[in-house]
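Peer 1: This is the structure, below, for whatever I ask next.
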2 protein chains.
Amino acid sequence: MADYQSDKQTKQAITRRDLLKLAGVGGLGVIIGATGAGSVMTLVEGEAKKAAASPSSSNDIVPFYGKHQAGIATVAQNHVYFASLEVTTSSSEDLKSLFQEWTVATSLMTQGQPVGETTTNGYIPPKDTGEAEGLTPANLTITFGVGPSLFIKNGKDRFGLKSKQPKELVDLPPFPLDALKEEWTGGDICIQACADDPQVAFHAVRNLIRIARGKAILHWAQAGFQRTKQADANKETPRNLFGFKDGTANINVSDEQAMNKHVWVQSEDGPAWLENGTYLVVRKIQMYLEVWDRTILREQENTFGRYRATGAPLGQKEEHEEMDLTRKNEHGDYVIPENSHARLAFGDGTQKILRRPYSYSDGMDPKTGSLDAGLLFLSFQRSPATSFIPMQERLSRMDKLNEYTIHRGSAIFAVFPGIKEGEYIGQTLFG
Amino acid sequence: MADYQSDKQTKQAITRRDLLKLAGVGGLGVIIGATGAGSVMTLVEGEAKKAAASPSSSNDIVPFYGKHQAGIATVAQNHVYFASLEVTTSSSEDLKSLFQEWTVATSLMTQGQPVGETTTNGYIPPKDTGEAEGLTPANLTITFGVGPSLFIKNGKDRFGLKSKQPKELVDLPPFPLDALKEEWTGGDICIQACADDPQVAFHAVRNLIRIARGKAILHWAQAGFQRTKQADANKETPRNLFGFKDGTANINVSDEQAMNKHVWVQSEDGPAWLENGTYLVVRKIQMYLEVWDRTILREQENTFGRYRATGAPLGQKEEHEEMDLTRKNEHGDYVIPENSHARLAFGDGTQKILRRPYSYSDGMDPKTGSLDAGLLFLSFQRSPATSFIPMQERLSRMDKLNEYTIHRGSAIFAVFPGIKEGEYIGQTLFG
């Protein structure tokens with residue numbers, strides 16, 4: 001990725017004219033001086049840095065520039081704040097400048113800097129909302145994608161992008177037992193902000209939404225959490241709210257070959273603008289904790305196909321042993337039941353997705369008096385049609401876990417590739 | 001507090017009979033062996049410890065036993081999970097055994113132990129729900145209190161406790177501009193679980209609710225967060241979601257004299273069962289972030305009566321300087337406006353409360369399309385009638401901040417004193 005960070009030639013990609021518009025329209029409050037266009041981005045960052053009250057420590061910064069966007073192959077941070085947005089402008093230029101502004105803001109916030117000055121002469125609101133001041137960068141990553149409805153909505157080619165819509169970027173098919181609600185489904189744009197500090201993740205989304213004023217509005221948002229990093233240090237697989245280890249069979253994000261095979265869109269896949277990007281599937285899955293908690297352990301373990309204590313596949317001792325899908329017990333039944341979650345998700349072993357889920361807890365479900373809690377399922381994959389969708393079709397029909405869960409929300413997004421310094425997120429599509 | 005931890009004489013306070021009932025009714029799954037009653041608690045803990053898969057590190061444990069409950073004078077952890085419960089049983093014995101069971105479970109969880117075995121022979125559900133396994137104790141504290149409705153509800157003395165109801169434990173008076181919703185208001189019992197790991201806090205409340213099955217149910221729950229501990233290390237006052245430092249003038253929890261004067265109920269206050277306890281006021285306050293973010297800085301600062309950048313009172317330089325309430329500007333107006341939050345909260349300086357608030361973010365408010373975020377205001381005080389209530393009466397009438405906030409929920413609880421080993425939380429009331 002070093003070539004991406006040092007390549008100065010592409011800095012011209014954001015022109016001075018773009019930047020002037022950006023300063024005027026979006027109000028990032030930068031002063032464009034008499035410098036060459038190539039150093040404008042640097043100038044913007046310089047301004048904001050001067051405004052920053054908090055020195056950022058460099059040991060919890062995830063690099064922003066790179067071949068891929070951060071927040072995908074990044075080891076999962078403790079917190080997510082996920083937002084789905086609707087675009088309200090009908091101007092392509094607005095959409096482009098929105099992503100340009102967001103790119104500048106993201107490059108700053110992920111370095112622990114405010115999006116603009118935090119104090120003013122008093123007669124305008126500060127550019128940055130301020131609640132992350134004094135906090136560390138907390139490994140913040142911000143990952144952007146676009147949904148099918150950005151291309152075509154109500155039959156209309158909204159921004160002249162129709163020809164660029166990936167054939168895989170279409171609404172997920174309805175699955176049996178889906179109980180989706182409009183308020184948790186779809187969206188034109190997604191922003192996934194992950195950080196080790198929930199206030200840092202929230203601040204990021206809030207400021208990006210604020211920058212979008214007049215161009216896009218919030219459609220839905222969901223905060224999530226997982227075990228703290230301390231558990232990471234122990235190399236333990238985190239547990240979900242059913243108390244089971246979750247992610248044992250996940251793709252290893254350090255395995256470049258596996259990531260290219262299963263996660264990153266390759267040049268032969270098309271469209272060209274999405275190369276080195278990926279597809280994100282989001283499912284808001286409520287978990288019936290009280291029902292689960294009354295279920296005997298054997299049933300719980302047969303449901304997952306794994307032991308709760310160790311995470312090992314049924315019939316095995318160690319968490320990372322492979323499942324033995326042929327072994328039967330004395331009654332002639334498979335040791336790992338045919339309707340168990342792990343067996344069905346595995347299928348024939350060819351379909352792989354990068355799961356990056358978070359738990360959520362939203363207080364009480366007023367309808368049932370139970371805890372409204374569950375999983376914000378987030379998975380990244382190169383081809384939903386040949387990985388997530390067939391997997392979920394099996395699971396939605398047969399998975400024993402369906403007795404204890406219900407899918408409340410769903411969305412799919414094409415996630416842009418990463419950028420070099422001087423480019424903007426989405427440039428391959430909007431540029 | 002050392003005398004509380006080492007005093008063995010009071011261990012008899014939970015009798016073997018209580019414990020046997022406890023094991024039978026509540027199902028903590030303990031085996032009461034042929035040991036003296038005095039060591040029964042120890043035995044319970046021993047059983048659970050054997051079942052624990054995760055060794056607990058001792059550097060993030062807050063002591064459970066003490067003169068006061070933990071979670072009040074404890075430096076605020078990063079996360080809260082707050083629950084308000086309704087008691088469904090009409091049996092005093094049930095209520096007593098519930099608190100006995102909760103005490104055992106709390107003494108275990110705050111040490112990083114599960115509430116009971118995490119695995120079984122397969123034919124019963126595990127006692128512990130498991131999602132905190134492998135996580136550290138994360139400075140978990142669990143704090144219990146009881147609301148006015150536990151004593152009298154619909155005119156009925158539910159548990160024969162009427163004579164013990166503190167005269168200060170009555171519903172808060174309605175304040176101007178209150179927009180309270182039943183779903184966020186009141187409760188018979190409160191549980192405040194705070195930890196540096198949200199999954200640890202959630203696990204605690206979930207398991208306590210599970211233990212309460214048949215005796216109490218959830219009424220409402222709210223998760224909250226604040227800046228990470230790293231900011232603590234910098235000794236910076238945390239910022240609220242309006243970007244302002246929040247808590248500058250708070251009571252110093254290490255100042256025992258101030259805590260006795262303003263927070264802990266004293267013997268002369270009565271009732272006797274609440275001595276060394278306190279009162280908790282909870283307010284769920286939604287903050288209109290988008291409106292705030294459009295407000296010019298001077299107006300924001302006049303609203304709080306402090307500078308955003310430094311937290312200093314208007315007219316001063318340093319955060320911890322005292323407010324100059326007499327100083328006027330060249331127009332003859334007070335530098336710290338009469339309707340500013342800090343001035344009104346201060347009043348004449350005699351009313352003090354221990355604020356221990358958390359921010360919350362609950363996705364989007366579907367009514368407005370704005371972020372549903374704000375403050376879970378939690379304050380502890382010796383006498384609400386002479387501190388919180390007059391303070392809130394001033395604020396609710398005049399506070400300029402009211403243009404940007406709305407109170408959605410409210411509750412008051414009497415928070416029990418702490419206990420010695422062998423006693424149970426609530427023993428002074430139910431015993």
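Peer 1: In this structure, does residue B:179 turn out to be surrounded by fewer than 23 Cβ atoms within 10 Å (Cβ to Cβ), in contact (Cβ under 8 Å) with a residue 40 or more places away in the chain and of a type outside the set (S, T, N, Q)?
Peer 2: Working: surrounded by fewer than 23 Cβ atoms within 10 Å (Cβ to Cβ): yes; in contact (Cβ under 8 Å) with a residue 40 or more places away in the chain: yes; of a type outside the set (S, T, N, Q): yes.
Answer is yes for this residue.
Peer 1: Taking the range A:192-209, which residues are part of a helix (DSSP H, G or I) and not basic (Lys, Arg)? Reasoning before the result, please.
Peer 2: Our first condition is that a residue be part of a helix (DSSP H, G or I); within the range A:192-209, this holds for A:198-209.
A:198, A:199, A:200, A:201, A:202, A:203, A:204, A:205, A:207, A:208, A:209, listed by residue number.
Peer 1: Still on this structure, I have one more. Quick test for you: out of A:387, A:370, pick the one residue that is among the polar types (S, T, N, Q) and under 30 Å from residue B:219 (Cβ atoms).
Peer 2: A:370
Peer 1: Only one of these conditions is not met by residue B:117: (1) at negative phi; (2) modelled with pLDDT of 95 or more. Which number is it?
Peer 2: Status for residue B:117: all satisfied but (2).
Peer 1: Looking at the range B:251-298, which of its residues are among the hydrophobic types (A, V, I, L, M, F, W, C), without any contact (Cβ under 8 Å) to a residue 60 or more places away in the chain and crowded, with 19+ Cβ neighbours inside 10 Å? Can you show your working first?
Peer 2: Of all residues in the range B:251-298, those among the hydrophobic types (A, V, I, L, M, F, W, C) come to B:251, B:253, B:258-259, B:263-265, B:272-274, B:280-282, B:285, B:287, B:289, B:291-292, B:296-297.
Pick out the ones that are also without any contact (Cβ under 8 Å) to a residue 60 or more places away in the chain and you get B:296-297.
Selection gives B:297 alone.
Peer 1: Identify the residue in the range B:102-134 that is within 7 Å of chain A (Cβ to nearest Cβ) and not hydroxyl-bearing (Ser, Thr, Tyr) and, among all such residues, is surrounded by the most Cβ atoms within 10 Å (Cβ to Cβ).
Peer 2: Filtering the range B:102-134 down to residues within 7 Å of chain A (Cβ to nearest Cβ) leaves B:118-120, B:122-126, B:129-131, B:133-134.
Checking which are not hydroxyl-bearing (Ser, Thr, Tyr) leaves us with B:122, B:124-126, B:130-131, B:133-134.
Numbers: B:122: 13, B:124: 14, B:125: 18, B:126: 24, B:130: 26, B:131: 24, B:133: 24, B:134: 18.
Filtering first and then ranking leaves B:130.
Peer 1: Tally time: how many residues in the range A:345-383 are free of Cβ contacts under 8 Å to residues at least 60 places away in the same chain and touching a Ser or Thr at 6+ places or on another chain (Cβ under 6 Å)?
Peer 2: 1
Peer 1: So which of A:397, A:408, A:355 is surrounded by fewer than 18 Cβ atoms within 10 Å (Cβ to Cβ) and not hydroxyl-bearing (Ser, Thr, Tyr)? I'd like the intermediate steps shown before the answer.
Peer 2: Working: A:408 fails: surrounded by fewer than 18 Cβ atoms within 10 Å (Cβ to Cβ); A:355 fails: surrounded by fewer than 18 Cβ atoms within 10 Å (Cβ to Cβ).
Only one candidate qualifies: A:397.
Peer 1: Considering only residues that are within 14 Å of another protein chain (Cβ to nearest Cβ) and either aliphatic (A, V, I, L, M) or farther than 21 Å from residue A:64 by Cβ (or both), which ones fall in the range A:135-150? Quick ask: steps written out before the conclusion?
Peer 2: Within the range A:135-150, the subset within 14 Å of another protein chain (Cβ to nearest Cβ) is A:135-140.
Matches in the range A:135-150: A:135, A:138, A:140.
Peer 1: Please specify each residue of the range B:157-189 satisfying the condition of being within 14 Å of another protein chain (Cβ to nearest Cβ) and within 24 Å of residue B:73 (Cα to Cα).
Peer 2: First, pick out the residues of the range B:157-189 that are within 14 Å of another protein chain (Cβ to nearest Cβ): B:181-187.
Listed by number, the residues that qualify are B:186, B:187.
Peer 1: Sort out which residues of the range A:299-312 are surrounded by 19 or more Cβ atoms within 10 Å (Cβ to Cβ) and within 16 Å of residue A:399 (Cβ to Cβ), and write them in order of number.
Peer 2: If the condition is that a residue be surrounded by 19 or more Cβ atoms within 10 Å (Cβ to Cβ) and within 16 Å of residue A:399 (Cβ to Cβ), then A:300, A:301, A:302, A:303, A:304, A:305, A:306 are the ones that fit.
Peer 1: Of the residues in the range B:144-164, how many are surrounded by 11 or more Cβ atoms within 10 Å (Cβ to Cβ), touching a helix residue (DSSP H, G or I) at 6+ places or on another chain (Cβ under 9 Å), touching a residue at least 60 places away in the same chain (Cβ under 8 Å) and assigned to a loop (DSSP other than H, G, I, E, B)?
Peer 2: 3
Peer 1: In the range A:80-137, which residue that is touching a His at 6+ places or on another chain (Cβ under 6 Å) and of a type outside the set (Gly, Ala, Ser) is farthest from residue A:162 (Cα to Cα)? Step through it out loud before you land on a result.
Peer 2: Going through the range A:80-137, the residues touching a His at 6+ places or on another chain (Cβ under 6 Å) turn out to be A:84-86, A:131-132.
Now narrow it down to the ones that are of a type outside the set (Gly, Ala, Ser): A:85-86, A:131.
Details: A:85: 19, A:86: 17, A:131: 39 Å.
Across the range A:80-137, the extreme among qualifying residues is A:131.
Peer 1: How about the range A:325-343: which of its residues are without any contact (Cβ under 8 Å) to a residue 60 or more places away in the chain, outside any helix (DSSP H, G or I) and of a type outside the set (Ser, Thr, Tyr)? Explain how you work it out, then say what you get.
Peer 2: Narrowing the range A:325-343 to residues without any contact (Cβ under 8 Å) to a residue 60 or more places away in the chain: A:325-336, A:343.
Adding the requirement that they be outside any helix (DSSP H, G or I) leaves A:325-336.
A:325, A:327, A:328, A:329, A:330, A:331, A:332, A:333, A:335, A:336, listed by residue number.
Peer 1: Follow-up question, since we're still on this one. Any residue that is in contact with a Lys or Arg (Cβ under 9 Å, 6 or more places away or on another chain), at positive phi and not β-branched (Val, Ile, Thr) - is there at least one of those in the range B:321-336? Steps first, please.
Peer 2: Within the range B:321-336, the subset in contact with a Lys or Arg (Cβ under 9 Å, 6 or more places away or on another chain) is B:323, B:325, B:334-336.
Then drop every residue that is not at positive phi, which leaves none.
Scanning the range B:321-336 turns up no residue that is in contact with a Lys or Arg (Cβ under 9 Å, 6 or more places away or on another chain), at positive phi and not β-branched (Val, Ile, Thr).
Peer 1: Looking at the range A:84-98, can you tell me whether even one residue there is buried (at least 20 other Cβ atoms within 10 Å of the Cβ) and either among the aromatic types (Phe, Trp, Tyr) or under 14 Å from residue A:203 (Cβ atoms) (or both)?
Peer 2: no
Peer 1: I would also like to ask the following. Any residue in the range B:281-296 that is more than 16 Å from the chain's Cα centre (by Cα), within 22 Å of residue B:346 (Cβ to Cβ), more than 7 Å from every other protein chain (Cβ to nearest Cβ) and not in a helix (DSSP H, G or I)?
Peer 2: yes
Peer 1: Out of B:367, B:317, B:328, report the one residue that is surrounded by fewer than 14 Cβ atoms within 10 Å (Cβ to Cβ) and within 12 Å of chain A (Cβ to nearest Cβ). It would help to see each step written out before you state the result.
Peer 2: Details: B:317 fails: within 12 Å of chain A (Cβ to nearest Cβ); B:328 fails: within 12 Å of chain A (Cβ to nearest Cβ).
That would be B:367, the only listed residue that is surrounded by fewer than 14 Cβ atoms within 10 Å (Cβ to Cβ) and within 12 Å of chain A (Cβ to nearest Cβ).
Residues checked against (1) in a strand (DSSP E or B); (2) acidic (Asp, Glu):
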| position | (1), (2) |
| --- | --- |
| B:359 | yes, no |
| B:362 | yes, yes |
| B:396 | no, no |
| B:409 | yes, no |
| B:414 | yes, no |
| B:419 | no, no |
| B:422 | no, no |
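Peer 1: Further, regarding this structure: In the range B:199-231, which residue that is facing chain A (nearest Cβ under 9 Å) and at pLDDT below 95 is surrounded by the fewest Cβ atoms within 10 Å (Cβ to Cβ)?
Peer 2: B:230
Peer 1: Here's something else I'd like to know. Mind counting the residues in the range B:304-324 that are without any contact (Cβ under 8 Å) to a residue 24 or more places away in the chain, within 16 Å of residue B:348 (Cβ to Cβ) and touching a Leu at 6+ places or on another chain (Cβ under 9 Å)?
Peer 2: 2
Peer 1: Within the range B:384-395, identify whether any single residue is touching a residue at least 12 places away in the same chain (Cβ under 8 Å), within 14 Å of chain A (Cβ to nearest Cβ) and within 18 Å of the chain's Cα centre (by Cα), and answer yes or no. I'd like the intermediate steps shown before the answer.
Peer 2: Start the filter on the range B:384-395 by keeping residues that are touching a residue at least 12 places away in the same chain (Cβ under 8 Å), which leaves B:384-395.
Then drop every residue that is not within 14 Å of chain A (Cβ to nearest Cβ), which leaves none.
No, because not a single residue in the range B:384-395 is touching a residue at least 12 places away in the same chain (Cβ under 8 Å), within 14 Å of chain A (Cβ to nearest Cβ) and within 18 Å of the chain's Cα centre (by Cα).
Peer 1: Can residue B:367 be described as assigned to a loop (DSSP other than H, G, I, E, B) and under 30 Å from residue A:84 (Cα atoms)? Show your work before the answer.
Peer 2: Numbers: assigned to a loop (DSSP other than H, G, I, E, B): yes; under 30 Å from residue A:84 (Cα atoms): yes.
Yes; evaluated as a whole, the condition is true for this residue.
The values are calculated or read from the model by the stated rules, or taken from the named source; none is laboratory data. Computed from a predicted structure; not experimentally measured. Here the Cβ is made from the backbone with ideal geometry for all residues, glycine too, and neighbour counts use every protein chain on show.
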